[in-house]
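K.L.:
Take a look at the following structure, please.
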Amino acid sequence: MWNERNEEYAMKVEVNSQALADAVAWTTRVIDARPATPILAGIRLEAIDGTLQLSAFNYAISARHHIEAGIDEAGTVLVLGKLLADITKSLPAAKTYLSTDGSTMTITSGKSTFTMQLMPDSEYPDLPVVPAKMGQVDSPTFAQAVNQASVAVSREENRPVLTGIRVQFQGDRIVMSSTDRFRLARSSFSWTPEDPTISTTALVRGSLLRDVARSLDEHQNITIDFDPDNPSLLGFENAGRVSTSQLIDGEFPAVDRLYADEYPIQAVISKQALIDAIKRVSLVAERSAPIRMMFSGQELTLAAGTADEAQAKEILDVDMDGEDITVAFNPAYLIDGLSAISEPFVRMKMTTAVKPVEFNGQQEADSDESMDYRYLLVPMRFNS
């Protein structure tokens, strides 16, 4: 099975099939569907010191991973990443053997054999150096904060700044914010920095942060790497997986002033009851038409639709402080923001019918709200 090989590429390795499939799937997710240059379609495999190291890069994001391997011969190869991912996820046996011979790599598992052409490894770009460790946090906290902060990330690629999440490192707190100009999402959490006096900011692609959060091993902390003196890259390490991302160049909008100092009108509602009612009532709303929320006494009436088409309304009990008010919102934006709240109750805080409304979660109907997640939504104009 093992033939004489071109020594430059020689490699002979035995790995666990499932570990290989998982590592290849994770690493190749940074390979673009249409790479900028053909060489970037590759995944690099390096067998060294009892590990198989995997890496991929698309000039903006890099991914590095490693798994245990039985190495008969060390070596480095470059092969098509997406094809390798397809092959490795369908391997039939528990063990897989990788071996190179001249210009090909053979993958053998059970009675299946695949042969792949090698790509010129010398043409593959160097991956960026991972910045120094800046601090760490437990993975579930990080993942929840990213999910909350990414709610308002814009999909407008022509405004790169709005596709990002601003990450502010402030001592032992991290604050993440995003906005698409219609809403603002902000999450904050405690972490353990290397330098307790740290004060710096990075603007990271929202899609990358979501991707990192989705693939975390939640039993291990996530380490964040950053060099404030050379602020072009942010790194993330978790369970042997290392990602780096180029930062977005640009000024995040000055959104902090949009939060009101005081909200004279406040209402507390069961979160799930509100989400369910919005989904029902918005069935009759035309695409992007608002859903109206009329607060009166201790009742909230949700209404949507028009008299000449279909209409719906539903009444919910609320715990209300302040004057009666009617506000209207895009129902999809409402559901996005409410769904990101982890607590069972939501507090809506209002000033006027046209100024942004803040949404926070709270644990009990009569407890204080949590300020760890602040969702701000601009009301829509509506015909009463």
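K.L.:
Listed residues 84, 80, 40, 91; which is within 16 Å of residue 125 (Cβ to Cβ) and outside the structural domain of residue 238 (by TED's automatic domain parsing)?
P.N.:
Details: 84 fails: within 16 Å of residue 125 (Cβ to Cβ); 80 fails: within 16 Å of residue 125 (Cβ to Cβ); 91 fails: within 16 Å of residue 125 (Cβ to Cβ).
Selected residue: 40, the only one of 84, 80, 40, 91 that is within 16 Å of residue 125 (Cβ to Cβ) and outside the structural domain of residue 238 (by TED's automatic domain parsing).
K.L.:
Is region 269-282 home to any residue that is assigned to a strand (DSSP E or B), on the phi < 0 side of the Ramachandran plot and of a type in the set (A, V, I, L, M, F, W, C)?
P.N.:
Taking region 269-282 first, the residues assigned to a strand (DSSP E or B) are 269-270.
Next, only the ones that are on the phi < 0 side of the Ramachandran plot stay: 269-270.
Applying the additional criterion that residues be of a type in the set (A, V, I, L, M, F, W, C) yields 269.
Yes.
K.L.:
Let me ask something else. Can you tell me which residue among 161, 151 is in contact (Cβ under 8 Å) with a residue 24 or more places away in the chain, among the β-branched types (Val, Ile, Thr) and buried (at least 20 other Cβ atoms within 10 Å of the Cβ)? Give the steps one after another, and end with the answer.
P.N.:
On the way: 161 fails: buried (at least 20 other Cβ atoms within 10 Å of the Cβ).
Unique residue meeting the criteria: 151.
K.L.:
For residue 115, all conditions in the list (1) crowded, with 18+ Cβ neighbours inside 10 Å; (2) in contact with a strand residue (DSSP E or B) (Cβ under 6 Å, 6 or more places away or on another chain); (3) not in a loop (DSSP other than H, G, I, E, B) hold save one; what is the number of the exception?
P.N.:
That leaves (1) as the condition not met.
K.L.:
Just name the residue that is farthest from the chain's Cα centre (by Cα) out of those in region 219-240 that are charged (D, E, K, R) and at pLDDT 95 or above. Reasoning before the result, please.
P.N.:
Going through region 219-240, the residues charged (D, E, K, R) turn out to be 225, 227, 229, 237.
Next, only the ones that are at pLDDT 95 or above stay: 225, 237.
Numbers: 225: 17, 237: 15 Å.
Out of the qualifying residues, it is 225.
K.L.:
Next question. With β-branched (Val, Ile, Thr), part of a helix (DSSP H, G or I), at pLDDT 95 or above and under 10 Å from the mean Cα position of the chain (by Cα) as the only criterion, which of 161, 212, 146 stands out? Don't jump to the end; show me each part of the working.
P.N.:
Values: 161 fails: under 10 Å from the mean Cα position of the chain (by Cα); 212 fails: at pLDDT 95 or above.
Just a single option satisfies the conditions, and that option is 146.
For (1) over 17 Å from residue 19 (Cα atoms); (2) free of Cβ contacts under 8 Å to residues at least 40 places away in the same chain; (3) in contact with a Pro (Cβ under 8 Å, 6 or more places away or on another chain), each residue gets a yes or a no:
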site: 97; (1), (2), (3): no, no, no
site: 100; (1), (2), (3): yes, no, no
site: 112; (1), (2), (3): yes, yes, yes
site: 123; (1), (2), (3): yes, no, no
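K.L.:
Would you confirm, using the coordinates I've provided, whether residue 355 is among the charged types (D, E, K, R), surrounded by 13 or more Cβ atoms within 10 Å (Cβ to Cβ), assigned to a loop (DSSP other than H, G, I, E, B) and out of contact with any Asp or Glu (no Cβ under 7 Å at 6 or more places or on another chain)? So that I can check it myself, show each step before the final result.
P.N.:
On the way: among the charged types (D, E, K, R): yes; surrounded by 13 or more Cβ atoms within 10 Å (Cβ to Cβ): yes; assigned to a loop (DSSP other than H, G, I, E, B): yes; out of contact with any Asp or Glu (no Cβ under 7 Å at 6 or more places or on another chain): yes.
Yes.
K.L.:
Let me ask you something else. Which condition breaks for residue 231 when tested against (1) touching a strand residue (DSSP E or B) at 6+ places or on another chain (Cβ under 6 Å); (2) surrounded by fewer than 16 Cβ atoms within 10 Å (Cβ to Cβ)?
P.N.:
(1)
K.L.:
Given the structure, is residue 46 part of a strand (DSSP E or B), in contact with a Lys or Arg (Cβ under 9 Å, 6 or more places away or on another chain) and either within 21 Å of residue 207 (Cα to Cα) or not aromatic (Phe, Trp, Tyr) (or both)? Let's see the steps before the verdict.
P.N.:
On the way: part of a strand (DSSP E or B): yes; in contact with a Lys or Arg (Cβ under 9 Å, 6 or more places away or on another chain): no; either within 21 Å of residue 207 (Cα to Cα) or not aromatic (Phe, Trp, Tyr) (or both): yes.
The answer is no for residue 46.
K.L.:
Considering only residues that are among the aliphatic types (A, V, I, L, M) and either under 16 Å from residue 180 (Cβ atoms) or within 32 Å of the chain's Cα centre (by Cα) (or both), which ones fall in region 329-360? Working first, answer last.
P.N.:
Residues of region 329-360 among the aliphatic types (A, V, I, L, M): 332, 334-335, 338, 340-341, 346, 348, 350, 353-354, 357.
Selection gives 332, 334, 335, 338, 340, 341, 346, 348, 350, 354, 357.
K.L.:
Please go through region 168-179 and give me each residue that is buried (at least 19 other Cβ atoms within 10 Å of the Cβ) and either acidic (Asp, Glu) or touching a helix residue (DSSP H, G or I) at 6+ places or on another chain (Cβ under 8 Å) (or both), ordered by number.
P.N.:
Passing the criteria: 174, 176, 177, 178, 179.
K.L.:
Being touching a strand residue (DSSP E or B) at 6+ places or on another chain (Cβ under 8 Å) and over 16 Å from residue 13 (Cβ atoms) is the filter here; which residues of region 40-73 pass it?
P.N.:
Within region 40-73, 40, 41, 42, 56, 57, 59, 60, 61, 62, 63, 64 qualify.
K.L.:
OK, next. Inspect region 311-328 for any residue being outside the structural domain of residue 150 (by TED's automatic domain parsing), in contact with a Pro (Cβ under 7 Å, 6 or more places away or on another chain) and over 19 Å from residue 183 (Cβ atoms) and give the result as yes or no. Before the answer, list the steps.
P.N.:
The initial filter retains those residues of region 311-328 that are outside the structural domain of residue 150 (by TED's automatic domain parsing), namely 311-328.
Okay, now just the ones that are also in contact with a Pro (Cβ under 7 Å, 6 or more places away or on another chain), so 322, 327-328.
From the residues that got through so far, the ones that are over 19 Å from residue 183 (Cβ atoms) too are 322.
Looking for residues that are outside the structural domain of residue 150 (by TED's automatic domain parsing), in contact with a Pro (Cβ under 7 Å, 6 or more places away or on another chain) and over 19 Å from residue 183 (Cβ atoms), one finds at least one in region 311-328, hence yes.
K.L.:
If you don't mind, another one. Just one of (1) of a type in the set (A, V, I, L, M, F, W, C); (2) buried (at least 22 other Cβ atoms within 10 Å of the Cβ); (3) within 27 Å of residue 206 (Cα to Cα) trips up residue 60, so point out which.
P.N.:
Among (1) of a type in the set (A, V, I, L, M, F, W, C); (2) buried (at least 22 other Cβ atoms within 10 Å of the Cβ); (3) within 27 Å of residue 206 (Cα to Cα), residue 60 violates only (2).
K.L.:
State which residue pairs qualify: first residue assigned by TED's automatic domain parsing to the domain that holds residue 159 and inside region 173-199, second residue polar (S, T, N, Q) and modelled with pLDDT under 95 in any location, beta carbons under 7 Å apart, and separation of 6 or more residues or different chains.
P.N.:
So the pair list comes out empty.
K.L.:
If you don't mind, there's one more thing I want to ask. Just for region 258-313: of the residues that are surrounded by fewer than 13 Cβ atoms within 10 Å (Cβ to Cβ) and among the hydrophobic types (A, V, I, L, M, F, W, C), which one is modelled with the lowest pLDDT?
P.N.:
By that ranking, first place goes to 307.
The values are calculated or read from the model by the stated rules, or taken from the named source; none is laboratory data. If you're wondering where the values come from, they're calculated on a predicted model, not measured in any experiment. Heads up, the Cβs are rebuilt from the backbone with ideal geometry, glycines too, and the neighbour counts pull from every protein chain shown.
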